[in-house]
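S.K.: So that we are looking at the same thing, I have put the structure below in C-alpha coordinates.
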Amino acid sequence: MTTGDGDWQRDLVRELTDGPLSGGGAPQSADPEPQTEARPGGQSEARPEVRPEVWSERGSKASDSPQTRDPRIPAPTPSSPAPVPETLPTIDPRLAMALGRPRHGDSTARRAGAGLRRLTASAGREVAEQTRYAEELQQPVTTGRVVAVTSIRGGVGKSTVSALLGRTLNHYRQDPVLTLEADAALGTLPVRMGAESVRWSAGDLARILTPAMQLTDVTGYLVPVADGGWLLPAGQGRVGAPLDVATYRTVTLALRRYFAVTVVDCETLPGEVARTAMDTAHARVVVAPMTAEGVHGTRQVLDWLASLPHSALASTVVALSAATPDATLDAEAAVAHLREPGVTVVALPYDRHLAQGGPIHTAKLARDTRDAAVRLAAEVMRRAVRVR
Ligand SMILES: Nc1ncnc2c1ncn2[C@@H]1O[C@H](COP(=O)(O)OP(=O)(O)OP(=O)(O)O)[C@@H](O)[C@H]1O
Ligand SMILES: [Mg+2]
(Lines give C-alpha, C1' and ligand atoms only; values in the text may rest on other atoms or scores of the structure.)
(Ligands and ions follow the chains in the order given, each with its own letter.)
Protein backbone atom coordinates (compact mmCIF):
# COMPACT_ATOMS: atom_id res chain seq x y z
CA MET A 1 0.00 0.00 0.00
CA THR A 2 1.29 3.47 -0.77
CA THR A 3 0.64 6.79 0.89
CA GLY A 4 -0.21 8.28 -2.47
CA ASP A 5 2.01 11.28 -1.74
CA GLY A 6 4.81 10.02 -3.93
CA ASP A 7 7.13 9.18 -1.04
CA TRP A 8 8.02 5.72 -2.28
CA GLN A 9 10.85 5.47 0.20
CA ARG A 10 8.57 5.90 3.21
CA ASP A 11 6.16 3.38 1.74
CA LEU A 12 8.95 0.89 1.26
CA VAL A 13 10.21 1.38 4.78
CA ARG A 14 6.70 1.04 6.15
CA GLU A 15 6.37 -2.30 4.39
CA LEU A 16 9.73 -3.40 5.72
CA THR A 17 9.00 -2.25 9.25
CA ASP A 18 5.83 -4.34 9.25
CA GLY A 19 8.12 -7.39 9.23
CA PRO A 20 9.03 -9.14 12.48
CA LEU A 21 12.77 -8.37 12.33
CA SER A 22 12.60 -4.77 11.30
CA GLY A 23 13.07 -1.65 13.35
CA GLY A 24 15.25 0.86 11.51
CA GLY A 25 14.73 3.46 8.88
CA ALA A 26 15.84 4.12 5.38
CA PRO A 27 19.03 5.95 4.69
CA GLN A 28 19.06 9.59 3.64
CA SER A 29 20.82 8.66 0.45
CA ALA A 30 17.91 6.64 -0.81
CA ASP A 31 16.18 9.92 -1.61
CA PRO A 32 15.03 9.86 -5.23
CA GLU A 33 17.39 12.79 -5.90
CA PRO A 34 20.52 12.58 -3.79
CA GLN A 35 21.95 16.02 -3.02
CA THR A 36 25.48 15.41 -4.29
CA GLU A 37 27.71 12.53 -5.14
CA ALA A 38 28.82 10.75 -2.01
CA ARG A 39 32.41 10.43 -0.85
CA PRO A 40 34.42 8.36 -0.03
CA GLY A 41 32.40 5.17 -0.04
CA GLY A 42 29.41 6.37 -1.98
CA GLN A 43 25.92 6.40 -0.56
CA SER A 44 24.39 3.18 0.50
CA GLU A 45 21.41 2.18 -1.56
CA ALA A 46 20.46 -0.63 0.77
CA ARG A 47 18.63 -0.04 4.00
CA PRO A 48 21.15 -0.76 6.74
CA GLU A 49 20.24 -3.77 8.73
CA VAL A 50 19.32 -2.92 12.30
CA ARG A 51 20.63 -5.50 14.67
CA PRO A 52 19.45 -6.03 18.22
CA GLU A 53 22.61 -4.34 19.46
CA VAL A 54 23.21 -0.68 20.17
CA TRP A 55 26.29 1.33 21.08
CA SER A 56 26.50 1.96 24.75
CA GLU A 57 27.72 5.39 25.80
CA ARG A 58 30.49 3.74 27.77
CA GLY A 59 32.39 2.65 24.73
CA SER A 60 31.46 -0.93 24.08
CA LYS A 61 28.87 -2.86 22.25
CA ALA A 62 25.89 -3.59 24.49
CA SER A 63 23.37 -6.33 24.11
CA ASP A 64 19.84 -5.11 23.69
CA SER A 65 18.55 -7.19 26.56
CA PRO A 66 16.63 -5.18 29.14
CA GLN A 67 19.26 -6.08 31.73
CA THR A 68 22.24 -4.58 29.93
CA ARG A 69 20.80 -1.94 27.66
CA ASP A 70 21.18 1.69 28.70
CA PRO A 71 17.59 2.56 29.64
CA ARG A 72 18.03 6.12 28.33
CA ILE A 73 18.62 4.95 24.77
CA PRO A 74 15.48 3.67 23.05
CA ALA A 75 16.19 0.38 21.34
CA PRO A 76 15.14 -0.45 17.77
CA THR A 77 12.80 -3.26 18.73
CA PRO A 78 10.10 -4.73 16.49
CA SER A 79 7.44 -3.19 18.70
CA SER A 80 8.97 0.31 18.45
CA PRO A 81 10.43 0.72 14.97
CA ALA A 82 12.51 3.85 14.53
CA PRO A 83 10.20 6.35 12.84
CA VAL A 84 11.34 7.51 9.42
CA PRO A 85 11.67 11.28 9.52
CA GLU A 86 10.56 13.43 6.59
CA THR A 87 13.06 15.28 4.45
CA LEU A 88 12.69 18.98 5.27
CA PRO A 89 14.29 22.03 3.64
CA THR A 90 16.90 23.76 5.82
CA ILE A 91 15.56 27.14 4.75
CA ASP A 92 12.23 28.19 3.30
CA PRO A 93 12.76 28.31 -0.49
CA ARG A 94 11.31 31.85 -0.59
CA LEU A 95 13.99 33.02 1.84
CA ALA A 96 16.68 31.16 -0.07
CA MET A 97 15.61 33.15 -3.15
CA ALA A 98 15.63 36.37 -1.14
CA LEU A 99 19.22 35.78 0.04
CA GLY A 100 20.66 37.20 -3.17
CA ARG A 101 23.97 36.33 -4.78
CA PRO A 102 26.88 35.46 -2.52
CA ARG A 103 29.29 38.38 -2.09
CA HIS A 104 33.02 37.92 -2.07
CA GLY A 105 34.68 38.52 1.27
CA ASP A 106 37.27 40.81 -0.34
CA SER A 107 36.50 43.85 -2.46
CA THR A 108 37.61 43.77 -6.12
CA ALA A 109 40.40 46.25 -5.37
CA ARG A 110 41.68 44.13 -2.50
CA ARG A 111 41.65 41.01 -4.63
CA ALA A 112 43.74 42.75 -7.29
CA GLY A 113 46.15 44.05 -4.62
CA ALA A 114 46.52 40.60 -3.09
CA GLY A 115 47.77 39.24 -6.41
CA LEU A 116 50.53 41.84 -6.46
CA ARG A 117 51.48 41.31 -2.81
CA ARG A 118 51.99 37.63 -3.47
CA LEU A 119 54.87 38.48 -5.82
CA THR A 120 56.80 40.32 -3.12
CA ALA A 121 59.57 39.13 -0.83
CA SER A 122 57.23 37.73 1.85
CA ALA A 123 55.97 35.13 -0.63
CA GLY A 124 58.64 32.57 0.37
CA ARG A 125 57.80 32.87 4.05
CA GLU A 126 54.12 32.48 3.25
CA VAL A 127 54.73 29.29 1.28
CA ALA A 128 56.82 27.83 4.12
CA GLU A 129 54.04 28.62 6.59
CA GLN A 130 51.38 27.08 4.39
CA THR A 131 53.46 23.94 3.97
CA ARG A 132 53.78 23.63 7.73
CA TYR A 133 50.03 24.06 8.21
CA ALA A 134 49.29 21.51 5.48
CA GLU A 135 51.53 18.98 7.27
CA GLU A 136 49.69 19.56 10.55
CA LEU A 137 46.33 19.21 8.84
CA GLN A 138 47.29 15.98 7.13
CA GLN A 139 48.70 14.23 10.19
CA PRO A 140 47.53 10.63 10.35
CA VAL A 141 45.28 9.65 13.24
CA THR A 142 45.11 6.24 14.87
CA THR A 143 41.57 6.67 16.19
CA GLY A 144 38.90 9.22 15.30
CA ARG A 145 39.53 12.66 16.78
CA VAL A 146 36.72 14.83 18.13
CA VAL A 147 36.96 18.63 18.08
CA ALA A 148 34.33 20.55 20.09
CA VAL A 149 33.46 24.15 19.22
CA THR A 150 31.55 26.28 21.72
CA SER A 151 31.27 29.79 23.17
CA ILE A 152 30.03 31.56 26.25
CA ARG A 153 27.00 32.99 24.47
CA GLY A 154 24.96 32.56 21.32
CA GLY A 155 25.31 34.15 17.91
CA VAL A 156 29.05 34.74 18.10
CA GLY A 157 30.10 32.45 15.25
CA LYS A 158 30.23 28.84 16.53
CA SER A 159 28.46 27.36 13.53
CA THR A 160 30.49 29.53 11.17
CA VAL A 161 33.76 28.41 12.78
CA SER A 162 32.59 24.76 12.81
CA ALA A 163 31.70 24.94 9.12
CA LEU A 164 35.05 26.55 8.28
CA LEU A 165 36.89 23.88 10.27
CA GLY A 166 34.93 21.00 8.73
CA ARG A 167 35.51 22.28 5.21
CA THR A 168 39.20 23.05 5.77
CA LEU A 169 39.92 19.67 7.33
CA ASN A 170 38.05 17.91 4.59
CA HIS A 171 39.97 19.83 1.94
CA TYR A 172 43.34 18.75 3.32
CA ARG A 173 42.58 15.22 4.48
CA GLN A 174 42.08 12.04 2.49
CA ASP A 175 40.14 10.27 5.24
CA PRO A 176 36.47 11.05 6.00
CA VAL A 177 35.61 14.16 8.02
CA LEU A 178 32.26 14.69 9.76
CA THR A 179 30.73 17.94 10.96
CA LEU A 180 28.23 17.20 13.69
CA GLU A 181 25.65 19.58 15.06
CA ALA A 182 25.12 19.17 18.79
CA ASP A 183 22.97 22.26 19.19
CA ALA A 184 19.32 21.49 18.72
CA ALA A 185 18.28 25.10 19.31
CA LEU A 186 17.45 25.71 15.64
CA GLY A 187 21.12 25.79 14.73
CA THR A 188 22.42 27.16 11.47
CA LEU A 189 25.10 24.57 10.72
CA PRO A 190 23.21 22.72 7.95
CA VAL A 191 22.58 26.02 6.15
CA ARG A 192 26.20 27.16 6.62
CA MET A 193 27.39 23.79 5.23
CA GLY A 194 25.19 24.23 2.17
CA ALA A 195 22.69 21.45 2.96
CA GLU A 196 19.41 22.12 1.17
CA SER A 197 17.46 19.60 3.19
CA VAL A 198 17.87 17.39 6.23
CA ARG A 199 16.29 14.15 7.30
CA TRP A 200 18.15 12.04 9.84
CA SER A 201 19.39 13.67 13.01
CA ALA A 202 21.87 12.76 15.74
CA GLY A 203 18.99 11.47 17.90
CA ASP A 204 17.84 9.14 15.10
CA LEU A 205 21.35 7.79 14.60
CA ALA A 206 21.75 7.09 18.30
CA ARG A 207 18.94 4.54 17.89
CA ILE A 208 20.04 3.17 14.53
CA LEU A 209 23.83 2.81 14.67
CA THR A 210 25.12 -0.67 15.34
CA PRO A 211 28.70 -1.93 15.55
CA ALA A 212 28.14 -4.11 12.47
CA MET A 213 27.51 -1.15 10.17
CA GLN A 214 29.99 -0.23 7.47
CA LEU A 215 30.98 3.34 6.59
CA THR A 216 28.77 3.14 3.51
CA ASP A 217 25.78 2.19 5.67
CA VAL A 218 26.44 5.09 8.02
CA THR A 219 26.94 7.70 5.31
CA GLY A 220 23.52 6.75 3.98
CA TYR A 221 22.10 8.59 6.98
CA LEU A 222 24.33 11.66 6.63
CA VAL A 223 24.16 14.72 4.42
CA PRO A 224 27.00 14.78 1.87
CA VAL A 225 28.60 18.23 1.79
CA ALA A 226 29.08 19.73 -1.68
CA ASP A 227 32.87 20.22 -1.29
CA GLY A 228 33.24 16.79 0.33
CA GLY A 229 32.83 15.53 3.86
CA TRP A 230 29.67 14.73 5.78
CA LEU A 231 27.17 16.49 7.99
CA LEU A 232 24.92 15.18 10.73
CA PRO A 233 22.34 17.73 11.95
CA ALA A 234 20.99 17.82 15.50
CA GLY A 235 17.41 18.03 14.30
CA GLN A 236 15.25 19.11 11.44
CA GLY A 237 15.28 22.82 12.17
CA ARG A 238 12.05 22.72 14.17
CA VAL A 239 11.48 23.52 17.79
CA GLY A 240 11.84 20.14 19.43
CA ALA A 241 13.44 18.15 22.19
CA PRO A 242 17.05 19.22 22.81
CA LEU A 243 19.88 16.76 22.33
CA ASP A 244 20.73 15.02 25.58
CA VAL A 245 24.09 13.98 26.93
CA ALA A 246 23.43 10.24 26.48
CA THR A 247 22.59 10.75 22.80
CA TYR A 248 25.65 12.93 22.30
CA ARG A 249 27.93 10.36 23.87
CA THR A 250 26.39 7.46 21.95
CA VAL A 251 26.64 9.17 18.58
CA THR A 252 30.15 10.59 18.94
CA LEU A 253 31.46 7.32 20.30
CA ALA A 254 29.95 5.28 17.47
CA LEU A 255 30.92 7.70 14.70
CA ARG A 256 34.54 7.98 15.82
CA ARG A 257 35.04 4.54 14.28
CA TYR A 258 34.28 5.84 10.81
CA PHE A 259 35.56 9.41 10.73
CA ALA A 260 39.12 10.58 11.15
CA VAL A 261 37.94 13.90 12.52
CA THR A 262 34.52 14.92 13.85
CA VAL A 263 33.98 18.66 14.31
CA VAL A 264 31.17 19.27 16.81
CA ASP A 265 29.17 22.49 16.69
CA CYS A 266 28.00 22.63 20.33
CA GLU A 267 25.38 24.65 22.11
CA THR A 268 26.63 27.54 24.25
CA LEU A 269 28.20 27.02 27.64
CA PRO A 270 27.30 26.19 30.34
CA GLY A 271 24.81 23.81 28.64
CA GLU A 272 25.23 20.21 29.77
CA VAL A 273 25.95 18.83 26.29
CA ALA A 274 28.48 21.61 25.65
CA ARG A 275 30.24 20.87 28.93
CA THR A 276 30.31 17.14 28.14
CA ALA A 277 31.56 17.79 24.63
CA MET A 278 34.29 20.13 25.86
CA ASP A 279 35.29 17.69 28.58
CA THR A 280 35.49 14.63 26.31
CA ALA A 281 36.89 16.13 23.07
CA HIS A 282 40.48 15.70 21.89
CA ALA A 283 40.72 19.40 21.05
CA ARG A 284 38.53 22.40 21.81
CA VAL A 285 37.74 25.69 20.17
CA VAL A 286 36.17 28.51 22.16
CA VAL A 287 34.75 31.21 19.91
CA ALA A 288 35.09 34.66 21.44
CA PRO A 289 33.34 37.71 20.01
CA MET A 290 35.43 40.84 19.53
CA THR A 291 33.77 42.75 22.36
CA ALA A 292 35.02 43.57 25.85
CA GLU A 293 32.26 41.53 27.53
CA GLY A 294 32.75 38.64 25.06
CA VAL A 295 36.49 38.48 25.74
CA HIS A 296 35.90 38.80 29.48
CA GLY A 297 33.33 35.95 29.42
CA THR A 298 35.65 33.77 27.35
CA ARG A 299 38.37 34.21 29.97
CA GLN A 300 35.96 32.66 32.50
CA VAL A 301 35.57 29.66 30.16
CA LEU A 302 39.33 29.32 29.90
CA ASP A 303 39.65 29.40 33.67
CA TRP A 304 37.01 26.63 33.91
CA LEU A 305 38.92 24.55 31.34
CA ALA A 306 42.09 25.04 33.34
CA SER A 307 40.31 23.60 36.38
CA LEU A 308 39.42 20.33 34.58
CA PRO A 309 41.58 17.41 35.72
CA HIS A 310 43.11 16.56 32.33
CA SER A 311 44.80 19.77 31.17
CA ALA A 312 41.96 20.79 28.87
CA LEU A 313 43.54 24.17 28.34
CA ALA A 314 46.54 22.69 26.54
CA SER A 315 44.24 21.33 23.85
CA THR A 316 42.18 24.53 23.49
CA VAL A 317 42.40 27.23 20.84
CA VAL A 318 40.44 30.49 20.96
CA ALA A 319 38.91 31.79 17.73
CA LEU A 320 38.50 35.53 18.18
CA SER A 321 35.74 36.34 15.74
CA ALA A 322 34.98 39.82 14.44
CA ALA A 323 31.39 39.36 13.36
CA THR A 324 30.94 43.10 12.77
CA PRO A 325 33.08 45.67 10.93
CA ASP A 326 32.31 48.16 13.71
CA ALA A 327 34.26 46.48 16.50
CA THR A 328 36.27 49.07 18.41
CA LEU A 329 37.98 46.77 20.92
CA ASP A 330 41.74 46.86 20.41
CA ALA A 331 42.52 43.47 18.85
CA GLU A 332 46.02 43.29 20.37
CA ALA A 333 44.69 43.94 23.86
CA ALA A 334 41.96 41.33 23.37
CA VAL A 335 44.45 38.71 22.15
CA ALA A 336 46.85 39.46 25.01
CA HIS A 337 44.06 39.09 27.58
CA LEU A 338 42.95 35.74 26.17
CA ARG A 339 46.52 34.45 25.88
CA GLU A 340 47.29 35.05 29.54
CA PRO A 341 46.22 31.56 30.73
CA GLY A 342 48.43 30.05 28.01
CA VAL A 343 46.13 29.38 25.05
CA THR A 344 46.71 30.09 21.38
CA VAL A 345 44.41 32.73 19.88
CA VAL A 346 43.56 32.83 16.18
CA ALA A 347 41.82 35.99 14.97
CA LEU A 348 39.04 35.39 12.47
CA PRO A 349 38.54 38.68 10.62
CA TYR A 350 35.26 40.27 9.64
CA ASP A 351 34.28 38.80 6.27
CA ARG A 352 31.51 40.22 4.08
CA HIS A 353 30.69 36.78 2.74
CA LEU A 354 30.34 35.28 6.22
CA ALA A 355 28.30 38.27 7.40
CA GLN A 356 25.77 37.62 4.66
CA GLY A 357 24.58 34.42 6.33
CA GLY A 358 23.44 31.47 4.22
CA PRO A 359 25.71 28.78 2.74
CA ILE A 360 29.46 29.36 2.98
CA HIS A 361 31.15 29.21 -0.43
CA THR A 362 34.85 28.60 0.13
CA ALA A 363 35.81 30.39 -3.09
CA LYS A 364 34.02 33.53 -1.88
CA LEU A 365 35.90 33.83 1.40
CA ALA A 366 38.31 36.69 1.88
CA ARG A 367 41.92 35.61 1.66
CA ASP A 368 42.56 36.55 5.29
CA THR A 369 39.57 34.43 6.34
CA ARG A 370 40.87 31.42 4.44
CA ASP A 371 44.32 31.88 5.97
CA ALA A 372 42.79 32.17 9.45
CA ALA A 373 40.67 29.03 8.90
CA VAL A 374 43.74 27.05 7.80
CA ARG A 375 45.77 28.25 10.76
CA LEU A 376 42.92 27.52 13.19
CA ALA A 377 42.41 24.02 11.75
CA ALA A 378 46.16 23.32 11.89
CA GLU A 379 46.41 24.47 15.53
CA VAL A 380 43.41 22.30 16.39
CA MET A 381 44.77 19.20 14.64
CA ARG A 382 48.16 19.56 16.30
CA ARG A 383 46.42 19.42 19.68
CA ALA A 384 43.90 16.72 18.73
CA VAL A 385 46.61 14.36 17.51
CA ARG A 386 48.78 14.89 20.57
CA VAL A 387 46.06 13.68 22.96
CA ARG A 388 45.82 9.91 23.34
N1 LIG B 1 33.98 36.22 10.71
C2 LIG B 1 32.75 36.73 10.48
N3 LIG B 1 32.59 37.82 9.69
C4 LIG B 1 31.39 38.35 9.47
N5 LIG B 1 30.25 37.88 10.00
C6 LIG B 1 30.33 36.80 10.79
C7 LIG B 1 31.57 36.16 11.07
N8 LIG B 1 31.33 35.10 11.91
C9 LIG B 1 30.00 35.10 12.10
N10 LIG B 1 29.40 36.11 11.44
C11 LIG B 1 27.96 36.48 11.46
O12 LIG B 1 27.42 36.08 12.70
C13 LIG B 1 26.24 35.35 12.48
C14 LIG B 1 26.07 34.29 13.54
O15 LIG B 1 27.06 33.32 13.35
P16 LIG B 1 26.81 31.79 13.75
O17 LIG B 1 25.47 31.33 13.31
O18 LIG B 1 27.99 31.04 13.30
O19 LIG B 1 26.81 31.95 15.34
P20 LIG B 1 26.51 30.83 16.43
O21 LIG B 1 27.41 31.12 17.58
O22 LIG B 1 26.58 29.48 15.84
O23 LIG B 1 25.01 31.19 16.80
P24 LIG B 1 23.97 30.29 17.65
O25 LIG B 1 24.37 30.47 19.10
O26 LIG B 1 22.66 30.92 17.34
O27 LIG B 1 24.12 28.88 17.19
C28 LIG B 1 26.39 34.77 11.07
O29 LIG B 1 25.17 34.55 10.46
C30 LIG B 1 27.15 35.84 10.36
O31 LIG B 1 26.24 36.81 9.87
MG1 LIG C 1 25.11 27.96 15.76
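The values are calculated or read from the model by the stated rules, or taken from the named source; none is laboratory data. A quick note: this is a predicted structure, and the numbers were derived from the prediction, not measured. No Cβ is skipped: glycine too gets one built from the backbone with ideal geometry, and neighbour counts run over all protein chains shown.
S.K.: Of the conditions (1) within 16 Å of ligand 2 (Cβ to nearest atom); (2) within 16 Å of the chain's Cα centre (by Cα); (3) not in a helix (DSSP H, G or I), SER162 clears all except one; give me its number.
M.R.: (3)
S.K.: Any idea which residue in the stretch 171-183 is farthest from VAL264 (Cα to Cα), counting only those that are within 14 Å of ligand 1 (Cβ to nearest atom) and of a type in the set (D, E, K, R)?
M.R.: Applying the first criterion (within 14 Å of ligand 1 (Cβ to nearest atom)) to the stretch 171-183 yields 179-183.
Filter once more, so that each one left must be of a type in the set (D, E, K, R): 181, 183.
Working: GLU181: 6, ASP183: 9 Å.
Looking at the filtered set, the residue picked out is ASP183.
S.K.: Quick one: which residue in LEU215, LEU209 is in contact (Cβ under 8 Å) with a residue 60 or more places away in the chain and buried (at least 23 other Cβ atoms within 10 Å of the Cβ)?
M.R.: Just a single option satisfies the conditions, and that option is LEU209.
S.K.: How many residues, within the stretch 249-275, are touching a Lys or Arg at 6+ places or on another chain (Cβ under 7 Å) and hydroxyl-bearing (Ser, Thr, Tyr)?
M.R.: The qualifying residues number 2.
S.K.: So which residues in the stretch 352-388 are in a loop (DSSP other than H, G, I, E, B) and in contact with a Leu (Cβ under 6 Å, 6 or more places away or on another chain), if there are any at all?
M.R.: Result: GLY358, single match.
S.K.: Can you pull out the residues in the stretch 131-149 that are surrounded by 22 or more Cβ atoms within 10 Å (Cβ to Cβ) and either aromatic (Phe, Trp, Tyr) or within 11 Å of the chain's Cα centre (by Cα) (or both)?
M.R.: VAL146, VAL147, ALA148, VAL149
S.K.: So for the stretch 199-207 (the condition being under 23 Å from LEU365 (Cβ atoms) and out of contact with any strand residue (DSSP E or B) (no Cβ under 9 Å at 6 or more places or on another chain)), does at least one residue qualify?
M.R.: As a first pass, look at the stretch 199-207 and keep what is under 23 Å from LEU365 (Cβ atoms): none.
No - not one qualifying residue is present in the stretch 199-207.
S.K.: While we're on this one: So ARG367 passes all but one of these: (1) more than 21 Å from the chain's Cα centre (by Cα); (2) without any contact (Cβ under 8 Å) to a residue 12 or more places away in the chain. Which condition number does it fail?
M.R.: (2)
S.K.: Give me the pairs: first residue in the stretch 146-162 and on the phi > 0 side of the Ramachandran plot and touching a residue at least 60 places away in the same chain (Cβ under 8 Å), second residue within 7 Å of ligand 1 (Cβ to nearest atom) and hydroxyl-bearing (Ser, Thr, Tyr), beta-carbon distance under 8 Å, and six or more apart or on different chains, which are they?
M.R.: GLY157/SER151; GLY157/SER321
S.K.: Give me the residue from the stretch 78-111 that is part of a helix (DSSP H, G or I) and basic (Lys, Arg) and, out of that set, modelled with the highest pLDDT.
M.R.: If we filter the stretch 78-111 for residues that are part of a helix (DSSP H, G or I), which is where we start, we get 93-98, 108-111.
Next, from what is left, pick out any that are basic (Lys, Arg): 94, 110-111.
Numbers: ARG94: 90, ARG110: 87, ARG111: 86.
Here the answer is ARG94.
S.K.: Could you say which residue among ALA292, ALA331, ALA283 is away from ligand 2 (no atom under 16 Å from the Cβ) and surrounded by 20 or more Cβ atoms within 10 Å (Cβ to Cβ)? Step through it out loud before you land on a result.
M.R.: Details: ALA292 fails: surrounded by 20 or more Cβ atoms within 10 Å (Cβ to Cβ); ALA331 fails: surrounded by 20 or more Cβ atoms within 10 Å (Cβ to Cβ).
Sole residue among the options that is away from ligand 2 (no atom under 16 Å from the Cβ) and surrounded by 20 or more Cβ atoms within 10 Å (Cβ to Cβ): ALA283.
S.K.: Can you tell me how many residues within the stretch 306-330 are within 13 Å of ligand 1 (Cβ to nearest atom), in contact with a strand residue (DSSP E or B) (Cβ under 8 Å, 6 or more places away or on another chain) and not hydroxyl-bearing (Ser, Thr, Tyr)?
M.R.: The qualifying residues number 4.
S.K.: Working only within the stretch 148-170, note down all residues that are more than 7 Å from ligand 1 (Cβ to nearest atom) and hydroxyl-bearing (Ser, Thr, Tyr).
M.R.: If the condition is that a residue be more than 7 Å from ligand 1 (Cβ to nearest atom) and hydroxyl-bearing (Ser, Thr, Tyr), then THR150, SER162, THR168 are the ones that fit.
S.K.: So which residues in the stretch 125-159 are in contact with an Asp or Glu (Cβ under 8 Å, 6 or more places away or on another chain), away from ligand 2 (no atom under 16 Å from the Cβ) and basic (Lys, Arg), if there are any at all?
M.R.: none
S.K.: Hey, another quick one. For the stretch 313-327, indicate whether the set of residues that are over 26 Å from THR276 (Cα atoms), small (Gly, Ala, Ser) and assigned to a helix (DSSP H, G or I) is non-empty.
M.R.: no
S.K.: Can VAL251 be described as β-branched (Val, Ile, Thr), away from ligand 1 (no atom under 16 Å from the Cβ) and within 12 Å of the chain's Cα centre (by Cα)?
M.R.: No: the conditions fail for VAL251.
S.K.: Go through the residues of the stretch 165-181 one by one and say whether even a single one is exposed (fewer than 15 other Cβ atoms within 10 Å of the Cβ) and assigned to a loop (DSSP other than H, G, I, E, B).
M.R.: Scanning the stretch 165-181, I find at least one residue that is exposed (fewer than 15 other Cβ atoms within 10 Å of the Cβ) and assigned to a loop (DSSP other than H, G, I, E, B), so the answer is yes.
S.K.: From ALA62, ALA114, ALA121, ALA75, grab the single residue that is modelled with pLDDT under 85, assigned to a strand (DSSP E or B) and over 23 Å from the mean Cα position of the chain (by Cα).
M.R.: Exactly one residue qualifies, and that residue is ALA62.
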